[in-house]
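Student: Take a look at the following structure, please.
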Amino acid sequence: MVNKLILGDNFEILKTLETESVDLIYLDPPFFSNRNYEVIWGDEGEVRSFQDRWAGGIDHYIAWLKERVIEMHRALKPTGSIFLHCDWHASHYIKVELLATLFKKNNFQNEIIWSYKRYTAISKKFQNLHDTIFWYTKGSAYIFNEDREEYGENSGKMDSHYKQDEDGRWYRWQKRKNQEPYKIYLSEGKRVGDVWDIPIINSSSKERIGYPTQKPMALLERIIKCASNKGDLILDPFVGGGTTLAVADKLDRKWIGIDQSVQAVKVTELRLNQQTDLFTSIYANSYTLQLHKYDYDVLRSKDAFEFERWIIGQFGGAPHSKKGGDAGVDGAAADGAPVQVKRTESVGVNVVKNFSVSAKQFDKARFDKSVKAGKPVGYIIAFSFGKGAVQEAARLKNQENIIIELVPVDTIIPVSKKPSIKLEVNELSRDASGIREIELIASGQSEAGIEFYSWDFDYNSENGFKAGVMIDRSGYQTAKFKAGLHAVAVKVVDNDGLENIETIKLKVNGTVERTV
Ligand SMILES: C[S@@+](CC[C@H](N)C(=O)[O-])C[C@H]1O[C@@H](n2cnc3c(N)ncnc32)[C@H](O)[C@@H]1O
C-alpha cells in the first residue's frame, strides 16, 4: 500500500476506506466552541464549516463527529485501536454519547490526560492545563507495546516501597497473580501512567511549523509506538499540520492522512518533504497526494502511455495493456466502445476521420450495431477539440448516424492551471563585514486565489525544496546573505492546492546581482 495524503471532507473519504484495514486511528478534531481556533484559522473553508455546523450546539457537534467515527470503527481491524483527542469542551459528551455507544464497554482502555504547562490570563478559576485522549480498542485482543519511563536512581529514597540491596541498588517487591514476588529495580524505569507530561508546541519550539493546533511529536510517538508495530497502517482523518504522518513515517508505519483545508495538506506535504533525506533515504517513504484539481501542465507533460491508461481509468473504462499496435484504439469505455486518447489541445479533423475507420476495423459487428442503435461507436479523449473536429463529428452523426463522442479531459477530471509567480529582489542594507540584508517580494497569480508562500533560502535542486519558512501569507521576506553565490526558492500555493516554484541565484558581492 502506498501512503496517501488526501484533500477533502473526511466523511466522504472515510467511506471509501476498506473495511477492517486500519491498525491505528488518531483523531484530533476541531474542538467544540473553541472560539480562538476560528479566529486564528485563516482558511475560509474551515471558518465557514465551523460556524455552519456548530451553530446548533453540542448535539450538532456530536452528530457531526459520530457519523465520521462510525466509518472509522468500520475501517479498523479487529485488533485495531482508536485514540480520540479532545478537551473539557466536549470530552464527556464524546465519551458517553459517542465512544461508549460505538465501541463495546469492555474495550475502553484508558482516559489519557495530556498535561502541559502554559500561562493563561488571570481569571477566577484554575488554569486549564490538560487535554483528554480516549483510547478504545475494537476488540479484546489488541496491540500494546509497554512503554517505561525513567525513574531516577535517587527517587527510591523518597518512595518507602523501595529498599536497597547489598550493592546499593534500589528495588521493591512486585507481586503478580499466582506468582512469587520478584525484585523490580528502579533502573528498569516505571510503567507509564495515564497522565502524560509532554510540553506543548510553544513559540520557540524547534518542531514548530507555524500551524495552529499543532500537536507535539512526542505525544504521537508514544501513541504510535504503544499501539502499533512497524509496517502497520495509521489513519489520521484530521491531519492539520501533519504531526501524525511525520511521526508514523519516522517510525516506519504506513499512513493515510485526510484534511479538508488546502493549507493543512500543503503544509503537511512540505513537512514530509523536509524530513525526507534523499541521500540516506531514511524517511523517504513515497506517498500520493490527492487534491481537488489536477495540474494542467503536469498532465500535459506526463508520459503519454501512462496518461492514456490513467485517464481511461478515470473515465470509467479499461485501458489496453500494451503500448501502441491497436490501430488507434487505446482502451474500452464503460459501455465497451473503443476509446482513443490524445494528450494534446485542438485535436483536428483528421483524428476524427481516422478514428471512425479504426473503430470500425477494431470490432465491425459492434460498430454496425451501435450505428443502428444510435449509440456511440467510440470516444476520443483530448484536452480540447478544434472546430474541424467538432464539425466532422457532427457531420458523421447527421449524415451517417455514426456517433463519435468528443470528450474534453476537464469533463472527466477537474483541471486547473498552476499559479504563476514572480520574484523581486532588492538590497536593503549592508554592514561593515559585507553582509547584505535583502528584501524578497513574491507575487503569485491564480484564478483560485493565493493561499500562501513558502521559502527555501538555501535551495539545492538535488535535495528538493526544503522550506525554511513554511507559511507566509504576505509573500514578503527579508534575509541576510554573506558574500558569495546563493540560491533562493519560493513556492506559491493556490486555493486549489496547485503550486509553482521560482528559483533564483543571488550573487552577493560588491552589489547584489540576480543571475538566471
Ligand atoms: C485540531 S486540527 C489537527 C491538528 C493536528 N493534530 C496537528 O498536530 O497539526 C483539526 C484539523 O481538522 C481539519 N478538519 C476539520 N473538519 C474536517 C473535515 N470534515 N474533514 C477533514 N478535515 C477536517 C481542519 O482543517 C484542521 O486542520
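The values are calculated or read from the model by the stated rules, or taken from the named source; none is laboratory data. In this text the structure is predicted, and so the values were computed from the model without any measurement. Counting neighbours? That spans all protein chains shown, and the Cβs are built from the backbone with ideal geometry, glycine included.
Student: Between Ser346, Ser384, Ser356, which is among the polar types (S, T, N, Q) and in contact with a Pro (Cβ under 8 Å, 6 or more places away or on another chain)? Give the derivation first.
Tutor: On the way: Ser346 fails: in contact with a Pro (Cβ under 8 Å, 6 or more places away or on another chain); Ser356 fails: in contact with a Pro (Cβ under 8 Å, 6 or more places away or on another chain).
After ruling out the rest, the residue left standing is Ser384.
Student: Considering only residues of the range 411-439 that are in contact (Cβ under 8 Å) with a residue 12 or more places away in the chain and outside any strand (DSSP E or B), which is farthest from the chain's Cα centre (by Cα)?
Tutor: Kept after step one, since they are in contact (Cβ under 8 Å) with a residue 12 or more places away in the chain, are these residues of the range 411-439: 412-428, 434-439.
When the remaining residues are screened for being outside any strand (DSSP E or B), the result is 412-414, 417-419, 434-435.
On the way: Ile412: 24, Ile413: 20, Pro414: 19, Lys417: 21, Lys418: 19, Pro419: 21, Gly434: 42, Ile435: 39 Å.
Ranking the candidates gives Gly434 first.
Yes/no matrix, rows are residues, columns are (1) in contact with a Phe, Trp or Tyr (Cβ under 8 Å, 6 or more places away or on another chain); (2) away from the ligand (no atom under 16 Å from the Cβ); (3) farther than 28 Å from Ala373 by Cα:
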| position | (1), (2), (3) |
| --- | --- |
| Val267 | yes, no, yes |
| Tyr294 | no, yes, yes |
| Arg300 | yes, yes, yes |
| Ile311 | no, yes, no |
| Val339 | yes, yes, no |
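Student: Moving to a separate point now. Of all residues in the range 95-153, count the ones that are of a type in the set (Gly, Ala, Ser) and buried (at least 17 other Cβ atoms within 10 Å of the Cβ).
Tutor: Final tally of qualifying residues: 0.
Student: Residues to consider are Ile471, Ile438, Ile413, Ile404; find the one that is in contact with a Phe, Trp or Tyr (Cβ under 7 Å, 6 or more places away or on another chain) and at pLDDT 95 or above. First the steps, then the outcome.
Tutor: Values: Ile471 fails: at pLDDT 95 or above; Ile438 fails: at pLDDT 95 or above; Ile413 fails: at pLDDT 95 or above.
Exactly one residue qualifies, and that residue is Ile404.
Student: Another one. Among residues belonging to the range 247-273 that are among the small types (Gly, Ala, Ser) and farther than 22 Å from Ser21 by Cβ, point out the one that is nearest to the chain's Cα centre (by Cα). Give the steps one after another, and end with the answer.
Tutor: Here is the first cut: in the range 247-273, the residues among the small types (Gly, Ala, Ser) are 248, 257, 261, 264.
Now drop any that are not farther than 22 Å from Ser21 by Cβ, which leaves 261, 264.
Values: Ser261: 10, Ala264: 7 Å.
The selected residue is Ala264.
Student: Moving to a separate point now. For the condition exposed (fewer than 13 other Cβ atoms within 10 Å of the Cβ) and either within 27 Å of Asn500 (Cβ to Cβ) or basic (Lys, Arg) (or both), what is the one hit in Lys369, Lys360? Give the steps one after another, and end with the answer.
Tutor: Working: Lys360 fails: exposed (fewer than 13 other Cβ atoms within 10 Å of the Cβ).
Just one listed residue meets the conditions, Lys369.
Student: Test each condition in (1) in a loop (DSSP other than H, G, I, E, B); (2) more than 27 Å from Phe144 (Cα to Cα); (3) within 16 Å of the ligand (Cβ to nearest atom) for Phe238 and report the one that comes out false.
Tutor: It is condition (2) that Phe238 fails.
Student: On to the next question. Of the residues Ile133, Ile143, only one is touching a residue at least 60 places away in the same chain (Cβ under 8 Å), in contact with a Gly (Cβ under 9 Å, 6 or more places away or on another chain) and of a type outside the set (Gly, Ala, Ser); which?
Tutor: Numbers: Ile133 fails: in contact with a Gly (Cβ under 9 Å, 6 or more places away or on another chain).
Of the residues listed, the single one that is touching a residue at least 60 places away in the same chain (Cβ under 8 Å), in contact with a Gly (Cβ under 9 Å, 6 or more places away or on another chain) and of a type outside the set (Gly, Ala, Ser) is Ile143.
Student: If you go through the range 461-504 one residue at a time, how many are among the hydroxyl-bearing types (Ser, Thr, Tyr) and either closer than 22 Å to Arg430 by Cβ or in the same structural domain as Asp259 (by TED's automatic domain parsing) (or both)?
Tutor: As a first pass, look at the range 461-504 and keep what is among the hydroxyl-bearing types (Ser, Thr, Tyr): 461, 474, 476, 478, 503.
Filter again for either closer than 22 Å to Arg430 by Cβ or in the same structural domain as Asp259 (by TED's automatic domain parsing) (or both), leaving 476, 478.
Number satisfying all stated conditions: 2.
Student: Ok, one more. Please specify each residue of the range 488-511 satisfying the condition of being part of a strand (DSSP E or B) and over 28 Å from the mean Cα position of the chain (by Cα).
Tutor: Filtering the range 488-511 for residues part of a strand (DSSP E or B) gives 488-494, 499-508.
Matches in the range 488-511: Ile504, Lys505, Leu506, Lys507, Val508.
Student: When both residues are 6+ apart or on different chains and their Cβ atoms are under 6 Å apart, which pairs have a first residue that lies in the range 4-16 and is farther than 19 Å from Thr244 by Cβ and among the charged types (D, E, K, R), and a second that is surrounded by fewer than 22 Cβ atoms within 10 Å (Cβ to Cβ) and at pLDDT 95 or above?
Tutor: So the pair list comes out as Lys15/Glu71.
Student: In addition: Looking at (1) touching a residue at least 60 places away in the same chain (Cβ under 8 Å); (2) surrounded by fewer than 16 Cβ atoms within 10 Å (Cβ to Cβ), find the lone condition where Ala304 falls short.
Tutor: Checking Ala304 against (1) touching a residue at least 60 places away in the same chain (Cβ under 8 Å); (2) surrounded by fewer than 16 Cβ atoms within 10 Å (Cβ to Cβ), the one that fails is (1).
Student: Let me ask something else. If Ile380 satisfies every condition in (1) over 30 Å from Gln340 (Cα atoms); (2) out of contact with any Ser or Thr (no Cβ under 7 Å at 6 or more places or on another chain) but one, which is the exception?
Tutor: Ile380 satisfies every listed condition except (1).
Student: Taking the residues in the range 341-357 that are touching an Asp or Glu at 6+ places or on another chain (Cβ under 8 Å) and under 13 Å from Arg300 (Cβ atoms) as candidates, determine which candidate is surrounded by the most Cβ atoms within 10 Å (Cβ to Cβ).
Tutor: Our first condition is that a residue be touching an Asp or Glu at 6+ places or on another chain (Cβ under 8 Å); within the range 341-357, this holds for 341, 343, 349, 352-353.
Among the residues that remain, those that are also under 13 Å from Arg300 (Cβ atoms) are: 341, 343.
Working: Val341: 25, Arg343: 19.
Ranking the candidates gives Val341 first.
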